[in-house]
1. Restricting the search to region 13-40, which residues are loosely packed, with under 12 Cβ neighbours inside 10 Å and under 30 Å from Glu59 (Cα atoms)?
2. Say whether the condition of being β-branched (Val, Ile, Thr) and at pLDDT 80 or above is met by at least one residue in region 58-79.
3. Can you tell me which residues in region 17-35 are hydroxyl-bearing (Ser, Thr, Tyr) and modelled with pLDDT of 95 or more?
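The values are calculated or read from the model by the stated rules, or taken from the named source; none is laboratory data. Predicted, not measured: the structure shown is a model, and the values here were computed from it. Neighbour counts are summed over all protein chains in view; Cβ atoms, including those assigned to glycine, are modelled from backbone coordinates with ideal geometry.
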Amino acid sequence: MELVYFTIIGGALYLLSDRMVNRIEERRGARLPYRSLIFFAIIFSLSLFTFSVMRAVTEPPPESPAEAGQDATTIQPPKTAN
């Protein structure tokens, strides 16, 4: 299900980024010389932010070692012979 969420949000980010580039060009009054590079920078930064927030929201909280069925004691380093 997570894949579906990422796909839908990726499509929405594409449309949002395109709209942002168009608005920048409208305000500037001319087409941007490196339009595809600016589009890439916008969609890349938006996707990093959005997907990291999604990952934090969709991941279950970490289990304690006792809840995971592991021994909660600390591991001692191996003893060396002198």
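1. Once the filter is applied, which keeps residues that are loosely packed, with under 12 Cβ neighbours inside 10 Å and under 30 Å from Glu59 (Cα atoms), region 13-40 yields only Leu15.
2. At the first step, the residues of region 58-79 found to be β-branched (Val, Ile, Thr) are 58, 73-75.
Still in the list and also at pLDDT 80 or above: none.
No, every residue in region 58-79 fails to be β-branched (Val, Ile, Thr) and at pLDDT 80 or above.
3. Result: Ser17, single match.
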